[in-house]
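Reviewing the structure listed below.
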Amino acid sequence: MSEPIRVAVAGAAGRMGQAVCAAVEGADDMRLTGRADPALGTALADVLGDADVVVDFTRPDTALANALECVAAGVHVVIGTSGFDMDPLFGMRPRPPANVFFAPNFAIGAVLMMRFAAEASQHMAKAEIIELHHDRKLDKPSGTAARTAQLMQGDVPIHSVRLPGLVAHQEVILGDLGQTLTIRHDSIDRASFMPGVLLAVRRVSDLPESPLVGLEHLLF
Ligand SMILES: NC(=O)c1ccc[n+]([C@@H]2O[C@H](COP(=O)([O-])OP(=O)(O)OC[C@H]3O[C@@H](n4cnc5c(N)ncnc54)[C@H](O)[C@@H]3O)[C@@H](O)[C@H]2O)c1
């Protein structure tokens, strides 16, 4: 058997970070080598030396700097943090040896929702998106909603709801003469994101291009 992939998690003390640490520990082909989080007193720099891949679920104001630090250290990075500007990562020339993968949503159902919404928008007159998340989410609109709108035809307004009790939910409502079509996805548990995160960890060292955006590129 080949060597396990050495994975460090940035944002390890957070809601997503804790779930990712547990998922990595449960994967036979991976080893959790570091937990970076100011809440744990561990900086990203402290864990880079022992990692092949960093998984980042932190905050919109730190994800870019973290990704640049990983790439500079030659460590691949899988980013789930949403609400930050990725442009500087696209501007890296020549392409660095370490790859960057970002998915606005790691849940298979959400990827399918985006795909179906994109297709439906080619056949129906207008559409709007309602995205609903827990009230501690920092960014608005969600990365998933922004990406869905980008993939759809026409101008698609986004409405954001933030309430306790929610995890991550989205409705795409399309309207045309005498009818509507609603496509809805619900993540009712953060476990929904873990198979996608592990898939990205396995694939990030071998991407056709970098940065690569969207789990659909690894699934279909
Ligand atoms: N792509 C997806 O599928 C997906 C799914 C869920 C959430 N998210 C996104 O993931 C991010 C994290 O969400 P969450 O609910 O876990 O947030 P959270 O607030 O629970 O956790 C964030 C953690 O990051 C830590 N942190 C802050 N700065 C850091 C730094 N410089 N280095 C390392 N750690 C740092 C914080 O101390 C905190 O523990 C958000 O942007 C959220 O929108 C993405």
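The values are calculated or read from the model by the stated rules, or taken from the named source; none is laboratory data. Note that this is a predicted model, so its numbers are computed, not measured. Counting neighbours? That spans all protein chains shown, and the Cβs are built from the backbone with ideal geometry, glycine included. Protein only, heavy atoms only, side chains kept; ligands, DNA and RNA dropped before computing areas. Shrake-Rupley method; radii C 1.70, N 1.55, O 1.52, S 1.80 Å.
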**Report entry** Residues being over 25 Å from Thr148 (Cα atoms) and touching a Cys at 6+ places or on another chain (Cβ under 8 Å) - total across the stretch 52-87
**Finding:** 2
Report summary line: Within the stretch 85-109, the residues that are within 16 Å of the ligand (Cβ to nearest atom), in a helix (DSSP H, G or I) and out of contact with any Gly (no Cβ under 9 Å at 6 or more places or on another chain) are Leu89, Gly109
Report task. Within the stretch 1-17, track down each residue that is more than 23 Å from Ala98 (Cα to Cα) and either surrounded by fewer than 13 Cβ atoms within 10 Å (Cβ to Cβ) or under 15 Å from the mean Cα position of the chain (by Cα) (or both). Result -> Met1, Gly14, Arg15, Met16
Query raised in the report: Inside the stretch 107-126, can you point out the residues that are touching a residue at least 60 places away in the same chain (Cβ under 8 Å) and charged (D, E, K, R)?
Result: Arg115
Requested in this report: Confirm whether Val167 is within 11 Å of the ligand (Cβ to nearest atom), farther than 20 Å from Val54 by Cα and without any contact (Cβ under 8 Å) to a residue 40 or more places away in the chain.
Outcome: yes
Query raised in the report: How many residues are surrounded by 12 or more Cβ atoms within 10 Å (Cβ to Cβ) and modelled with pLDDT of 95 or more if we restrict to the stretch 91-104?
Result: 7
Requested in this report: Could you tell me which residue of the stretch 23-62 is nearest to the ligand (Cβ to nearest atom), considering only residues that are among the small types (Gly, Ala, Ser) and surrounded by 14 or more Cβ atoms within 10 Å (Cβ to Cβ)?
Outcome: Ala36
Query raised in the report: Taking the stretch 69-84, which residues are open to solvent by 20 Å² or more (accessible area, probe 1.4 Å) and within 12 Å of the ligand (Cβ to nearest atom)?
Result: Glu69, Gly83, Phe84
Query raised in the report: So which of Ala19, Ala43, Ala51, Ala73 ends up being within 27 Å of His133 (Cα to Cα) and not charged (D, E, K, R)?
Result: Ala19
